[in-house]
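Take a look at the structure set out below.
The values are calculated or read from the model by the stated rules, or taken from the named source; none is laboratory data. All values derive from a computational prediction rather than experimental measurement. As a convention, Cβ positions derive from the backbone with ideal geometry for all residues, glycine included, and neighbour counts pool all protein chains shown.
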Amino acid sequence: MTDTDWPLWEVFVRSRRGLSHTHAGSLHAPDAEFALRNARDLYTRRGEGVSIWVVPSSAITASSPDEKDPFFEPAADKPYRHPTFYEIPEGVKHL
Amino acid sequence: MTRQAPAPTAAHTTTAALALGDDALVLSHRLGEWMGHAPVLEEEVALANIALDLLGQARILLSMAGDEDDLAYLREERAFRNVQLVEQPNGDFAHTIARQLYFSTYQHLLYDRLAAGRSPFAGLAAKAVKEVAYHRDHAEQWALRLGDGTDVAHERMRRACTALWRFTGEMFRPLDGLDLDPAGLEPDWLESVGGILGRAGLALPEGPRTGAWTAGAGREGLHTESFGRMLAEMQHLHRSHPGATW
Amino acid sequence: MATAAAHQTARTHGNAGQEGGIADETYQRVFDATVAADERIEPRDWMPDAYRATLVRQIAQHAHSEIIGMQPEANWITRAPSLRRKAILMAKVQDEAGHGLYLYSAAETLGASREDLLDKLHTGRQKYSSIFNYPTLTWADVGAIGWLVDGAAITNQVPLCRCSYGPYARAMVRVCKEESFHQRQGYELLLALSRGTPEQHAMAQDAVDRWWWPSLMMFGPPDDESAHSAQSMAWKIKRHSNDELRRRFVDICVPQAESLGLTLPDPDLKWNEERGHYDFGPIDWTEFKEVLKGNGPCNEQRITQRKRAHDEGAWVREAAAAYAAKHSPRTEVEQA
């Protein structure tokens, strides 16, 4: 089946400037362009990164710095993804 | 409350806020319908991201015109001001991508210009234009792959582009409250969409795309058949409990 | 089959046990010592076949649960009663797709392919958590799932962050971090209903009444009937027994239910001073087994929808693969 042919890519995310890229996980994509975009959606939707590398077997593809804004800024305005967004009455434990 | 009639600019701002807010709200809802049905898991995440961006925009825009929930849940179909393009059913994935390509290209051009202007929308547009750049890119990447992938996908994409073409003229009609004439965006839109479709081995469809007699009077509150059903689903729970807090 | 070539190499390399003539016992000793020292096993390490198989089964089931689990909640996205709730719910269902992806990736480090795992899900050869075979009938069910089902899942998952298999443990760290918002939004949703109109309060109570017992079943059969527990504990895949985790969950939920102003549907639920835990009534294991066998209210529906999405998406995946083949740098070189 041809639809099984989306290869696996390893994803490396630089969480902020000054730090190196670290392995975040992997994903499937038909090609490098989609691997980057899928990685952005999957591994940085809470603003966890400023740069991504995706690596198939030997090649490395990195997101370019000027793509940073549209890639990573939208995640900053979704406070409801974080538990502190929710008001829980005093004394309620283990939430 | 006020001693004089509201300044015309405020009323115009409300008109534009409703129009742009409804565009974002309705398209977000349609994209939300994909959840659990996307062609591949990675795309569940991507479509949800776009839907969430649009919903965020909608909430800001509707809040400029009133209470976001009252506006979303308590208006009748004829009071919605979105273009008809965004309310079109998801269809197959090609229809969704064609709708995304047409709309996000327009929205990107519009927000880019609004961000540079001095209207009350400049702030929102400056932030949203970055989100929309990503939506446009997502649509472009998929349009290329569907158009230039397999024969089956090419044919589906061609049909989708043609089917939705009639709804594209409406986006460039004048809209009160904006410091620009949307008609000025049309040449760039045609060039951008035409370029992408060209690279995908497709062409800009032919056929009429202006005039309410064919399609495109959403801004005046005339919508298409499926929209009422979409609203019925969206609004029913909220309306079943008048005055309740959620 | 395109996936995880590196990992598969590791597998044949490791399990053949031929390098330098070192026997399997040596590998086994290293493996045992690593586990005993609370270190992590990594993909290219030698590992017993049964350990690998157990992990693939468990991680796949976990991944399947995430993606099937999208359905009952996505059922309410288009009807969410406020835009704030709609945004929250979409973000949550999106997270579940993301968690499925993290987990399939973890399974792939063991040499499994996602396509194959999905096929096993679609044909009933691998399972997902039975809890998702119950329907979401009202908006309050979204809250009950967040509070109880995600609460139970977190109780199960937090210890998995220290699981002996590295990629699984790391995936769980991510999942747990993200899921803390899931549980809180569920609690907050129920609280708003409980403090709302009488109709809203009744809706919340009804949802809790329906989800409480199935949530307790999520921890699996009692310890003395659990088929895989002992070995998994020895391998440090599992850190606590089913009954232990279930007790912990009940102890957490009772005071939370009180502060919600809702009751839990169990007349036998009461604090046992001596044990330092809540006592609770007997669980209906017949129901559990029937739902597991496929006879729950939504088993058929969930798999049918999953399969339909997959089948209807085939042409899209094929188009993307065909495009990639046409436009890959190698093709261009060959053409040049």
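Quick look at the numbers
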item	result
Members of segment B:45-61 found to be at the interface with chain C (Cβ under 9 Å from one of its Cβ atoms) and β-branched (V, I, T), listed by number	B:V45
Condition broken by C:T138, with the remaining ones in (1) out of contact with any Asp or Glu (no Cβ under 9 Å at 6 or more places or on another chain); (2) within 28 Å of C:R246 (Cβ to Cβ); (3) of a type in the set (S, T, Y) satisfied	(1)
Residue pairs meeting the criteria (Cβ under 9 Å; at least 6 apart or on separate chains; first closer than 18 Å to B:F121 by Cα and aromatic (F, W, Y), in segment B:165-179; second crowded, with 18+ Cβ neighbours inside 10 Å and modelled with pLDDT of 90 or more)	B:F172/B:Y106; B:F172/B:P182; B:F172/B:L185; B:F172/B:W189
Elements of type strands (runs of 3 or more DSSP E) contained in chain A, each with 1 or more residues being touching a Pro at 6+ places or on another chain (Cβ under 6 Å) and at pLDDT 65 or above	A:8-14
Hits in segment B:7-44 (condition: within 14 Å of chain C (Cβ to nearest Cβ), touching a Lys or Arg at 6+ places or on another chain (Cβ under 9 Å) and in contact (Cβ under 8 Å) with a residue 24 or more places away in the chain)	B:G21, B:D22, B:A24, B:L25, B:L27, B:S28, B:H29, B:R30, B:P39
Flag for B:M64 being surrounded by fewer than 24 Cβ atoms within 10 Å (Cβ to Cβ) and either in a helix (DSSP H, G or I) or within 8 Å of chain C (Cβ to nearest Cβ) (or both)	yes
Selection within segment B:96-124 - over 14 Å from the mean Cα position of the chain (by Cα) and either closer than 25 Å to B:A160 by Cα or surrounded by 23 or more Cβ atoms within 10 Å (Cβ to Cβ) (or both)	B:L114, B:F121
Failed criterion for B:G91 (all others in (1) more than 9 Å from chain C (Cβ to nearest Cβ); (2) of a type in the set (G, A, S); (3) without any contact (Cβ under 8 Å) to a residue 40 or more places away in the chain; (4) assigned to a loop (DSSP other than H, G, I, E, B) hold)	(3)
Checklist (1) within 11 Å of chain A (Cβ to nearest Cβ); (2) under 24 Å from A:G91 (Cα atoms) applied to C:A171, failing item	(2)
Segment C:183-213 - residue that is in contact with an Asp or Glu (Cβ under 8 Å, 6 or more places away or on another chain) and modelled with pLDDT of 95 or more and, of those, nearest to C:V254 (Cα to Cα)	C:W212
Failed item, numbered, when C:A319 is tested on (1) touching a Gly at 6+ places or on another chain (Cβ under 8 Å); (2) away from every other protein chain (no Cβ under 13 Å); (3) farther than 20 Å from C:I131 by Cα	(2)
Residue within segment C:133-149 that is out of contact with any Ser or Thr (no Cβ under 6 Å at 6 or more places or on another chain), more than 29 Å from A:P89 (Cβ to Cβ) and surrounded by 20 or more Cβ atoms within 10 Å (Cβ to Cβ) present	yes
Candidate set from segment B:142-155 (those that are in contact with a His (Cβ under 8 Å, 6 or more places away or on another chain) and assigned to a helix (DSSP H, G or I)); member that is nearest to the other protein chains (Cβ to nearest Cβ)	B:L146
